[in-house]
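The values are calculated or read from the model by the stated rules, or taken from the named source; none is laboratory data. No experiment lies behind these values; they were computed from the predicted model shown. Cβ sites come from the backbone with ideal geometry, for glycine too, and all protein chains shown count toward neighbours. Remember, those area values only see protein heavy atoms, side chains included, never the ligands or the DNA or RNA. Shrake-Rupley method; radii C 1.70, N 1.55, O 1.52, S 1.80 Å.
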Amino acid sequence: LEFPFWFFLLVFLSIVLYMADTFLVTEWRTKFFKSMNTKDSNYVQKATDSLINFETVKYFNAGEHEEKRYMQALQEYKLANI
């Protein structure tokens with residue numbers, strides 16, 4: 001069974017275009033995942049910090065301040081996650 005040369009070129013070009021497209025889309029998506037992971041770490045860090053330092057937050061009556069910090073970080077994460 002023998003195929004014409006143009007068939008080889010068509011298959012080869014399809015594979016090369018698929019590989020290039022996969023690489024470019026992966027690189028494009030990576031920046032969104034990095035941003036999302038950074039924002040995720042930020043809001044988890046704020047929650048953990050508030051819980052570990054619970055007594056200090058209560059002593060200085062900073063519960064409302066910590067809640068605002070956490071909610072802002074969570075909102076940033078939600079926007080990055082869309």
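Brief remarks follow.
- Here ASP40 does not fit the description of being of a type in the set (D, E, K, R) and open to solvent by 60 Å² or more (accessible area, probe 1.4 Å).
A quick yes/no check of all residues on (1) among the acidic types (Asp, Glu); (2) surrounded by 10 or more Cβ atoms within 10 Å (Cβ to Cβ); (3) modelled with pLDDT under 95:
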| site | (1), (2), (3) |
| --- | --- |
| PHE3 | no, no, yes |
| LEU9 | no, yes, no |
| VAL25 | no, yes, no |
| ALA47 | no, yes, yes |
| LEU51 | no, yes, yes |
| PHE60 | no, yes, yes |
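- In the stretch 3-12, the condition of being out of contact with any Gly (no Cβ under 8 Å at 6 or more places or on another chain) and not in a helix (DSSP H, G or I) is met by at least one residue.
- The set of residues in the stretch 11-23 being closer than 30 Å to ILE82 by Cα and open to solvent by less than 100 Å² (accessible area, probe 1.4 Å) consists of ALA20, ASP21, THR22.
- Among the residues making up the stretch 42-61, those that are closer than 26 Å to LEU79 by Cα and either of a type in the set (A, V, I, L, M) or outside any helix (DSSP H, G or I) (or both) are VAL44, ALA47, LEU51.
- Boolean, LEU1 is touching a helix residue (DSSP H, G or I) at 6+ places or on another chain (Cβ under 6 Å) and either among the polar types (S, T, N, Q) or free of Cβ contacts under 8 Å to residues at least 60 places away in the same chain (or both): no
- Among the residues here, PHE32 does not qualify as modelled with pLDDT of 95 or more and either open to solvent by less than 60 Å² (accessible area, probe 1.4 Å) or not β-branched (Val, Ile, Thr) (or both).
- Residues of the stretch 62-82 that turn out to be surrounded by 14 or more Cβ atoms within 10 Å (Cβ to Cβ) and more than 30 Å from ARG29 (Cα to Cα), as a count: 2
- Every pair of residues 6+ apart whose Cβ atoms lie under 6 Å, when the first sits in the stretch 42-54 and is touching a residue at least 24 places away in the same chain (Cβ under 8 Å) while the second is surrounded by 14 or more Cβ atoms within 10 Å (Cβ to Cβ) and of a type outside the set (Gly, Ala, Ser): TYR43/LEU74; TYR43/TYR77; LYS46/ARG69; LYS46/TYR70
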